[in-house]
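Everything below concerns the one structure shown next.
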Amino acid sequence: MAMKKIGAVLVIGAGIGGIQASLDLADLGFKVYVIDKSPAIGGIMAQLDKTFPTNDCSMCILAPKMVEVGRNPNIQLFSYTELVKLEGTAGNFIATIRKKPRFIDESRCKNCGVCASVCPVRVPDEFNETLTVRSASHIPFPQAVPAIYLIDPEACLYLQKGICRLCEKVCEAHAIDFNQKEELLTLNIGAVILSAGADTFNPSILPQFGYQSFENVITSTEFERILNASGPFGGHVVRPSDHRSPKKILWILCVGSRNRKLNNNYCSSVCCMYSIKEAVIAKEHDPNIEGYIAFMDIRAVGKGFDEYYQRAKELGITFLKARVSNLEEDPSTQNIIVSYENIETNTFHTEEFDLVVLSVGFQPSNSTRELCKTLGIELNEYNFCATHPFNPLMTSKPGIFVCGTLSAPKDIPETVAESSGAAGMVSSLLQSERFNLIVKKEYPPEFDVENQEPRIGAFICHCGINIGAVVNVPEVVEFVKTLPNVVYAEENLYTCSQDTQEKIKQIIKEYNLNRVVIASCTPRTHEPLFQNTIREAGLNPYLFELVNIREQCSWVHMSEPLNATEKAKKLVAMTIAKARLFRPVKELSIPIKQSGVVIGGGIAGLTAALELANQGFEVVLIEKEKELGGLVKNIYYTLENENPQEFLRNLINEVNTSEKIKLLMNANIESISGYIGNFEINVRKKGELETIQAGIIIVATGGQEYKPTEYLYGEDERILTQQDLELKISGGELNAKQVVMIQCVGSRNETRPYCSKICCSVAIKNALKLKSLDPEIQISILHKDIRTYGFKEPYYEKAREVGINFIRFDENRPPILEKHGDSLQISVYDIFSQKELSFNPDLVVLSAAFLPTDNEELAQMLKVPRDQNGFFLEAHVKLRPLDFATEGIFLCGAAQWPKFIPETIAQAKGAAARAAIILSKESIRVPGITARVNEDLCIGCGSCQELCPYNAIEMRYTEKLLERGSIRTYQAHVLEAVCKGCGTCVSACPLQAINLPHFTNTQILEMVKVLTKEAAK
Amino acid sequence: MTPNIVAFLCNWCGYAGADLAGVSRFQYPPTIKIIRVMCSGRVDPVFILRAFENGADGVLVCGCHINDCHYISGNLQAEKRVEKTKQLLKAIGINPDRLRLEWVSAAEGAKFATVVKEFTEFLEKIGPLIT
Amino acid sequence: MNVLKLSPEELIKYCYQCGRCTGICPLGEISFYSPRILIHNALMGKPVDPQRLAQCSTCDLCSSKCPMDVMISEFVREERHKLRQSGMILEEAHFGIFSTLARLMAKKTWKANLNDYFPKEIQFSDTSEILIFTGCMSLFETYFEYKYTNIAKSAVKILNHLKIKPQILKEQVCCGHDLFWGGDYENFRLLGEQNIELIERNGVELVITICPECYRTFKLDYPRYVRNYNFKVISFSEFLDLELKEGTLIFPYEIPRTITYQDPCRLGRQLGVYDAPRNVLKAIPGIKLKEMERSREDAICCGVSAWMNCNLYSKAIRMDRLLEAQQIADTLITNCPHCLIHFNCLKNEYAETEKKYTLEILDFKEFIAKALLLG
């Protein structure tokens, strides 16, 4: 019997990967259950201070996503929960999960923290890597989602010894429940996404690093917490032993990675960059700090990474090519004495550092291993989840997908891209069940309040004792009652409680309220709740505003109750003044053309098109060449010895046979107009012009190999690029005996300061291939660093094993290739041996830079940016790697950055999923707060258009009627689907012709007036 | 003398930083009253000037750090406008330091509290704008 | 000029509803704005439409044609004042920033400060009997991001070139013109008192203004609405004209350009200064000065004064005027910073294809400074 498919998904692990997958799945129309073994979601990213290479504040960019997971009605979050078992098959599984007791009632806890403040217990705080302490009753970190406390049963005096129960007495919300038991729940789901991540390596098992014995040897995660403003030392860089500012800090890379003894032969991919970042940020915090990084190879392979590395050098970070031999502690100073050989200078050093940071890599966690065992999923030799290079998001079991560091070490953007991709694969599998289990909230029709006198109701919250113990709430209520247009005011113990919501609705009806002001906590968490309540009472959600008298009043002026009360009054009065000017804001709905366009027919474009088709959407694939396949046409084997040609043939075949995909070959794009949901693309094909309408555009224009102008390329047939070489090998036309490969030809130089990412691995791939064809062949690879990140590292190892020579040269002393008569001569200064070497190769292979395709014109037509190296620039390098800032346009593959086939496939699937979120809907709602133009006032000067970061303003040339006659002029027009509502344009308009609803000039000036004029009285 | 400070905080960083100061119970003087805007790029020089005209002693604008703007580049506009407003203040004889622009991230609760404390002390020192 | 003799309220009684004003008004052509009807309504005791009051640019083209010498701009200003007294505020462009700044300056609780404004090489003398009054130039430059104006610096450079080191009052405040024409007499007086007191205190005999609005305000409005003072006021154009006649101002360099001159309403029609700037411009070798059809008494204004009523109507007037200038010249010389800002705003506005306006727009002072190679 065929099982019915279920439109629900279980996401296991809610780090950034699980969060992204959950949000995408919910947006794609599926019910999501997301579980995490921790009491709060966010994973490793929540602990990070900044992210490389943009130095973004990690929590700042993560927190909104966490809040969204907690808030989305179609995502059910089970924190502190583990999977017990999974039965069934792809499309219909039954999962059993175990929810551990928090001993705090989730529905009652108001996140006020009173329980923690009275708890007498202190135990090490895991979130701050045990550098601080916390109480038994605690919340992992202030921004935690869910924002609910829990009692650590191991630490709680009552649960351990039967005494105390102080928290129970002080909790006004009666949320403490010592009788809570663990719960077993079953969920019926159609698919599973595994995003359980990996652990960081625990250096305790390597005693030579002294992690356990020396106080001033810490891990990089601990250092992240030290850097963080909410960390153990408030962001002051001090060392653990004496809380003194360290002067010299040494980072030791590859701790627990690139280590055969531990069977961790892989590279952890992220440590080089995060260590550089930590050194840079530390120096930012305290310019006196000297940062040293002991490295083997700096693997700065991502977008902007190598530039970041260079900048760090300029900032004075010292890079030591060294593997530290020994660490000792000076018992008097607790400084760490480090011995190492500097390979670049061939000198031996014993040097004292105030602090040593161990840059620990990724390590599959025991619990994940157990999880995979429970699920019956294959692991690879390093105990990461096994995947196939051409199907990187699929586990060994149908219906179970994987993303993030569970399958390999990777950074945040790659994890995010994979997570979207995994969500897309689920979407293909469960396509028939889209929207079936999704709840769509219906609200009663809104009252028309446009011409009514404002009737404002105010609710002032005590928040237990959180507000009430400092702010005199009854006094505020009495004051509010005296303000004009306030027809009702009351105080609540908890305004957010369920019964108060009901009461608010009732009072709105009873008193005919048309505006509501609530004074309680922060709108960043509670605004949606109250907006929902007033919508249920028939009021437009923008007839409401929250006054924050907790986070920004009672909690920060605890010892000044009188002043805090006065301030609370002022804040409420200010908001009431604004409330008088509230106008309903209509959310807009934009129709979507439910088909897509993919530009570029390489594997990125082919995969993206196929994914969209599999998810049920029509796609037009535009390729400028006469053949599909792009760059992969030139790749005959991979490092892992897979056959990409066969894969490409199958892919093209699938695309060719898909009824949903229309191919436009030899086609040139002439113009692109429109916006999300409604693009129009004019394509010329053999002189004929075709206009395509599409809801989304995916850019997959790929890249190309640089044709070197260096090293006599093109002047001698024995000098090839890696691509030339591969073609020759596959044609069987090589019989060289002595091969020299030169890395970084055309990249990591002044013209192209970036690392082309793939060339090291490609060189090793071709070298291994040559060796396998002729074991006698001599191969030397001349390099600056060998950047075989992740699971490419073992191939570097293998290359050495089979006798390939690696010669490191100084970036300021590149190899020299000369032709003497008929013989080629390469001379190079080898750092390892500190000797000038000379070769007379019969084949020279240049690892040439990776370039984007010629994309300038396309970028202009799409109005999307490119980075300084000509690759397309995504909306956000960390968390929106597949989107452009312009809504409805996506990117994937080498158009974004050089990458390997598996990465390209993951991105293409991810981009398709992001696009499918839009295409799956007939129309999309855009938030009502978008800039609005008053057409009577606008004179078309274009000041607003000039600075809109989203190109959301179009200047349209129109004829405008005057009282007598008419005038032809430009007119600003806001594309509501594109506008994000920042309001930056408003202040640019000389005529107040553009405004932002709910944040209008008049509203803000009214608020200013209340805070100042009346204050002066 | 208790200075009166009007603050414009962007929703994503400044306001979130102020929230974190609250959650962390970092204490600062109640001199500051916060007006929330979605982006610091929304802050108009006229808001600032009107605040001074009406008797504010100081105005604080907080946005996301450069490169962190939730709206890509709104904070750059804010920076430009605040700089411009400071020049205008100077030209008409108001101490431009009565206007402060601070980048406060969502993780910088302590910084926010310090900013308010320092700004308050500074305004106490130089005295009220309108005597 | 009757304006000094009778109050506007008395003057309008002479109106016999002939309609010459409305017929000549550039706004009358494209809108229902009618000075005649405004006056009629006022005489009938009917409320005056605030929008119509805001619409008037107070350029006085109408008054110059009025057979009964009714000063319509004065009447409009008085009506605005009444509106203001009743609590109604008329909208201003740029979100009212300039009147906000002016009101802040009117509060005498602090002193304005121009210390860092002028570059070091510009020379002043604290004891000079000649004062240069730079008005709000530094504010405009800051606000408009130095896009259009370099007027004050050019003016002082020219004076230095003529071996004059003028006094500058670093504590000067806005003349109050815009507040005055917006009907805010109270703050206008506060500003006027500050300026007069300051100038008198510093032993100044001659004030040179570089903005026609300051000139008008000092010359006509301070004596009537603030108080009389003991110094002389002259416009920069007139001053240069005198220097030219005395032979101290010489233009040694040839500037081959075809220019036309925009008469500012304050300087031209309201104060009768037409020839002085033209004399100076014509003295530059190589210059071809062409006159627009509507010039001198008939000049069409930039469409906006006191930052009021910048809208499609005033834009239509500006478009028309700029095209008129472009047909005959490659450079338009303005003599009021407001004209300069407004015409340049139009010139630089968004245009998807080619720019419609190609002529260069320069201020008189800047142009003269350039002609003297003063940078």
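Filtering segment A:978-986 for residues that are at the interface with another protein chain (Cβ under 7 Å from one of its Cβ atoms), assigned to a helix (DSSP H, G or I) and buried (at least 18 other Cβ atoms within 10 Å of the Cβ) leaves a non-empty set.
Pairs are defined by a Cβ separation below 7 Å, a sequence spacing of at least 6 or placement on different chains, a first member in segment A:893-913 that is more than 20 Å from residue A:641 (Cβ to Cβ) and in the same structural domain as residue A:604 (by TED's automatic domain parsing), and a second member that is in a helix (DSSP H, G or I) and among the hydroxyl-bearing types (Ser, Thr, Tyr); the pairs so defined are A:893/A:904; A:894/A:904; A:908/A:607; A:909/A:607; A:910/A:420; A:913/A:420; A:913/A:427. Checked against the criterion of being touching a Gly at 6+ places or on another chain (Cβ under 7 Å), surrounded by fewer than 24 Cβ atoms within 10 Å (Cβ to Cβ), within 14 Å of chain B (Cβ to nearest Cβ) and within 30 Å of residue A:678 (Cα to Cα), segment A:571-585 contains one or more residues that satisfy it. Comparison of B:112, B:122 shows that the only residue that is crowded, with 21+ Cβ neighbours inside 10 Å, at pLDDT 95 or above and over 18 Å from residue C:97 (Cα atoms) is B:112. Set side by side, the residues B:61, B:82 differ, and just one is touching a Phe, Trp or Tyr at 6+ places or on another chain (Cβ under 9 Å) and more than 7 Å from chain A (Cβ to nearest Cβ), which is B:61.
Would you say residue C:98 is within 14 Å of chain B (Cβ to nearest Cβ) and part of a loop (DSSP other than H, G, I, E, B)? Here the answer is no, as residue C:98 does not meet what is asked.
Just to be sure, is residue C:253 at pLDDT 95 or above, surrounded by fewer than 21 Cβ atoms within 10 Å (Cβ to Cβ) and touching a Pro at 6+ places or on another chain (Cβ under 9 Å)? For residue C:253, the condition - at pLDDT 95 or above, surrounded by fewer than 21 Cβ atoms within 10 Å (Cβ to Cβ) and touching a Pro at 6+ places or on another chain (Cβ under 9 Å) - is met. If the condition is being in a helix (DSSP H, G or I) and more than 28 Å from residue C:315 (Cβ to Cβ), then segment C:11-39 contributes C:11, C:12, C:13, C:14.
Name the one entry in A:82, A:87, A:129 that is buried (at least 18 other Cβ atoms within 10 Å of the Cβ), of a type outside the set (Gly, Ala, Ser), farther than 30 Å from residue A:520 by Cα and at pLDDT 95 or above. Every option except A:82 fails the conditions.
For segment C:271-323, the tally of residues that are touching a Cys at 6+ places or on another chain (Cβ under 9 Å) and within 14 Å of residue C:213 (Cα to Cα) stands at 4.
Could you check how many residues of segment A:379-428 are under 23 Å from residue A:301 (Cα atoms) and of a type in the set (Ser, Thr, Tyr)?
Final tally of qualifying residues: 7.
If you check C:139, C:131, C:220, C:191 for being closer than 23 Å to residue C:366 by Cα, in a helix (DSSP H, G or I) and among the hydrophobic types (A, V, I, L, M, F, W, C), only one passes: C:139. If you check every pair at least six apart or on different chains, which have Cβ atoms under 6 Å apart with a residue in segment C:117-133 that is farther than 21 Å from residue B:93 by Cβ first and a residue that is among the hydrophobic types (A, V, I, L, M, F, W, C) and part of a strand (DSSP E or B) second? Every condition considered, the pairs that remain are C:130/C:206.
Yes/no matrix, rows are residues, columns are (1) surrounded by 19 or more Cβ atoms within 10 Å (Cβ to Cβ); (2) within 24 Å of residue A:588 (Cα to Cα); (3) not β-branched (Val, Ile, Thr):
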site	(1), (2), (3)
A:867	no, no, yes
A:882	yes, no, yes
A:895	yes, no, yes
A:933	no, yes, no
A:951	no, yes, yes
A:956	no, yes, yes
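Beta carbons closer than 6 Å, at least 6 apart along the sequence or on distinct chains, pair a first residue in segment C:284-311 that is within 12 Å of residue C:57 (Cβ to Cβ) with a second that is among the charged types (D, E, K, R) and surrounded by fewer than 19 Cβ atoms within 10 Å (Cβ to Cβ) for C:300/C:294.
A quick yes/no check of all residues on (1) of a type in the set (Val, Ile, Thr); (2) under 31 Å from the mean Cα position of the chain (by Cα); (3) surrounded by fewer than 21 Cβ atoms within 10 Å (Cβ to Cβ); (4) assigned by TED's automatic domain parsing to the domain that holds residue A:761:
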| position | (1), (2), (3), (4) |
| --- | --- |
| A:318 | yes, yes, yes, no |
| A:326 | no, no, yes, no |
| A:344 | no, no, yes, no |
| A:390 | no, yes, no, no |
| A:405 | yes, yes, no, no |
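Return yes when residue C:294 is out of contact with any Pro (no Cβ under 7 Å at 6 or more places or on another chain) and either surrounded by fewer than 22 Cβ atoms within 10 Å (Cβ to Cβ) or of a type in the set (S, T, N, Q) (or both) and no when it is not. Criteria met by residue C:294.
Out of the residues in segment A:546-558 that are at the interface with another protein chain (Cβ under 7 Å from one of its Cβ atoms) and within 18 Å of residue A:114 (Cβ to Cβ), which is nearest to the chain's Cα centre (by Cα)? Applying the filter and picking the extreme gives A:551.
Candidates B:19, B:97: the one that is of a type in the set (D, E, K, R) and at the interface with chain A (Cβ under 7 Å from one of its Cβ atoms) is B:19.
Residue-by-condition table, conditions (1) away from every other protein chain (no Cβ under 14 Å); (2) part of a helix (DSSP H, G or I):
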residue	(1), (2)
A:903	yes, yes
A:908	yes, yes
A:912	yes, yes
A:924	yes, no
A:929	no, no
A:935	no, no
A:940	no, no
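Restricting the first member to segment A:766-779 and to residues that are in the same structural domain as residue A:798 (by TED's automatic domain parsing), and the second to residues that are charged (D, E, K, R) and surrounded by fewer than 15 Cβ atoms within 10 Å (Cβ to Cβ), the beta-carbon pairs closer than 9 Å and six or more apart or on different chains are A:774/A:737; A:776/A:737; A:777/A:737; A:778/A:737.
Filtered by the rule that a residue be over 15 Å from residue A:596 (Cβ atoms) and aromatic (Phe, Trp, Tyr), segment A:880-900 gives A:897, A:900. Looking at segment C:8-31, can you tell me whether even one residue there is surrounded by 14 or more Cβ atoms within 10 Å (Cβ to Cβ), among the aromatic types (Phe, Trp, Tyr) and in contact with a Lys or Arg (Cβ under 9 Å, 6 or more places away or on another chain)? Checking segment C:8-31: not a single residue is surrounded by 14 or more Cβ atoms within 10 Å (Cβ to Cβ), among the aromatic types (Phe, Trp, Tyr) and in contact with a Lys or Arg (Cβ under 9 Å, 6 or more places away or on another chain).
Looking across segment B:47-82, the residues that are more than 19 Å from residue A:943 (Cα to Cα), part of a loop (DSSP other than H, G, I, E, B) and either over 15 Å from the mean Cα position of the chain (by Cα) or not charged (D, E, K, R) (or both) come down to B:54, B:55, B:56, B:64, B:65, B:66, B:67, B:68, B:69, B:70.
Do the conditions hold for residue C:133, that is, is it farther than 23 Å from residue C:300 by Cβ and modelled with pLDDT of 90 or more? When the stated conditions are applied, residue C:133 passes them.
Which of the following residues is β-branched (Val, Ile, Thr), more than 28 Å from residue C:341 (Cα to Cα), more than 9 Å from every other protein chain (Cβ to nearest Cβ) and surrounded by 18 or more Cβ atoms within 10 Å (Cβ to Cβ): C:39, C:72?
C:39
Quick one: which residue in A:690, A:611 is over 17 Å from residue A:892 (Cβ atoms) and of a type in the set (Asp, Glu)? When all the criteria are applied, what remains is A:690.
The values are calculated or read from the model by the stated rules, or taken from the named source; none is laboratory data. Just so you know, these numbers come straight off a predicted model, no measurement behind them. Please note: Cβ atoms are built from the backbone with ideal geometry, for glycine as well, and neighbour counts cover all protein chains shown.
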